[in-house]
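Report on the following structure.
Every read-out reported here was derived from the displayed coordinates using simple, explicitly stated rules and does not represent laboratory data. This structure is a prediction, so every number in the text was calculated from the model and none was measured. Neighbour counts run over all protein chains shown; Cβ positions are idealised from the backbone, glycine included.
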Amino acid sequence: MTDTTDLGVNPLEDTESEAALAYAEERRENIRTFVRTSPDYYIRMFDKIGASAKFTPTFNAMAGLFGPIWFGARGLWNWALPFLILEALGFVQIARGLFGELGAEALARISSIEGTLELRKKQLEAALEEGSDRVEGLQRAVDSIEANIASFRAEAEAMSAQGFSIALTGLAILIIVKLVQAFMANWALEARFSDWLSDRTIRSGLPVTEIVFSAIFMILIVATAMVHYSFPGKFSLLTAFPTDPNIRLTGITWVEDFIAWCVRNSEAFFDALTFGIRALLDALEVILVQTPWIVIASLIILLTWLTAGLRTAIYSGAFLAYMGLLGFWEAAMTTLALLGTAACLSIVIGIPLGMFAARRPRFYAFIQPIMDFMQTMPAFVFMVPVIAFFGVGKPAAVVVTMIFGGTPVVRLTVLGLRGVPESVREAAISFGANKWYLLTKVDLPLASPSIRAGINQTIMLSLAMVVVASLIGAKGLGEDVLEALQYANVGQGILAGFSILFCAMILDRIVQGQRK
């Protein structure tokens, strides 16, 4: 029997070579399936790109020629849209330079003041006939208008003379963008091919419908931009959205009627809610404002020391001294009372709501758009219906602050509870833990860092509403900042702003200190 090792043949190397050939052939077949067109070209390009971890430029003439249409047809819309904007810029500059009315704006100004010139000339002629003492002033006005017309006409001529250079600039932009697309196309397509290997739901090939859609979309965008910028003001459809003022007036009427109906039919509910908010707010103001300052300062410094350490307690003492020495103590305590009321209500409502939504995906999917609306809508917008329901004053300011700052504690409670490892929960259940024990001894302790971060974010966002809340009657540091804005008192505004900053830093250290 002959030993293959004696003949210089290694069975292991032979097996590895066969596996490499099989892998290479499988890769080629996958590339053919993915690209559908010019497979041999893309096999060579993809092998060249995959041979190096660095960016390897290759030239794709079709991508450079058709540009965003090629990228869109290949499904690379994240590349197609930026290239579309750049190409549109180049085509617009070419069209403006060759066919555009570059001096249209200056000519429009001339036409707008020619009527004034004619009027002043008639007045000058009448004054000359009457021998009026206004002749000299009217003559200066006529001369000034004529000089303006001459300058505008010169500007129009200068702009028209720049047409060729503008067109050349557009052509240069277009050529550069085309070259970039040609060099980037294969690299982007190879990255999409890698994603397609792990997820076959990603579209591959060049479907005719995608080619047609991409071409129509790109051509319409570029053509519309070229017409609009080359002939400004000639097509009203491109400059102003077609609408009717009655549509907005009807919408305003509907909203006002709905708000009025809600106010009439829920007066008792909102009165009770206002009473509860005011009761909590008054209690906090009694504690923070009417209690001797030395007691409150001592308690804040002690609490900071226990949660965040001695150094942070010293900083807190310095911050409190700053607010006291500059006369902001009462305003700062009023702000903390308002903030405490809003934050406490947000936390009391938000954490249980987050706990309920964490294990109920459908319910969380329902409230998530509502929270997005609360957090993204400008405060001045939802301040209007809040005033309609609660009037002007501190309860309305508390509600506005809750709307803006109450969502992070819900989101981060859900995030923390969903992040609890299932293996830990299953282990607790296997040892006989009931739902209450599982919640209080497993879920909440493991989710506490995320929940604490949500509380911190709610407090910080609530503090950010201090100045806005002062517009509807909330007192405190926000009122000092608002007064500084009204009277352009820069010093007071900056000093009060630092007080707000120091309040935020103290609260942040108290809430976050225990996490460390």
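Okay, here's what the table says:
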read-out: Net lengthening on full extension, residue 162/residue 175 (0.36 nm per residue, minus Cα-Cα); value: 2.7 nm
read-out: Stretchable slack from residue 259 to residue 273, in nm (0.36 nm times residue separation minus alpha-carbon distance); value: 3.3 nm
read-out: Inter-site label distance for residue 55 and residue 118 at 7 Å from Cα along Cβ, in nm; value: 6.0
read-out: Span from the region 108-160 Cα centroid across to the region 35-65 one, whole angstrom; value: 66
read-out: Contact order relative to length of the chain, as percent, for alpha carbon pairs under 8 angstrom and 6 or more apart; value: 14
read-out: At q = 0.19 Å⁻¹, base-10 log of I(q)/I(0) for region 372-516 (Debye sum, equal scatterers on each alpha carbon); value: -1.09
read-out: R0 of 25 Å, Cβ-Cβ distance residue 19-residue 62: FRET efficiency to nearest 0.05; value: 0.10
read-out: Stokes-Einstein D in µm²/s, Kirkwood radius over Cα pairs - region 198-320 at 25 °C with 0.890 mPa s viscosity; value: 105
read-out: Sum of side-chain charges, residue 476 neighbourhood, beta-carbon under 14 Å (Lys, Arg +1; Asp, Glu -1); value: -3
read-out: FRET efficiency estimate (nearest 0.05) - Cβ-Cβ, residue 140 to residue 490, R0 30 angstrom; value: 0.10
read-out: Three semi-axes of the equivalent ellipsoid, region 265-513, Cα gyration tensor, whole Å, largest first; value: 34, 24, 15
read-out: Count of Lys pairs (Cα-Cα under 27 Å; at least 8 positions apart or interchain) in the chain; value: 4
read-out: Shape of region 146-246, Cα gyration tensor, a/c cut at 1.5; value: oblate
read-out: FRET efficiency for residue 439 and residue 377, using Cβ-Cβ distance with R0 set to 41 Å, rounded to 0.05; value: 0.80
read-out: Gain in span if fully extended, residue 238 to residue 299, counting 0.36 nm per residue against the direct Cα distance; value: 15.6 nm
read-out: Distance cut-off 36 Å, percentage of C-alpha pairs in the chain lying past it; value: 66
read-out: Spin-label model distance (nm) - residue 429 vs residue 33, 7 Å beyond Cα toward Cβ; value: 3.8
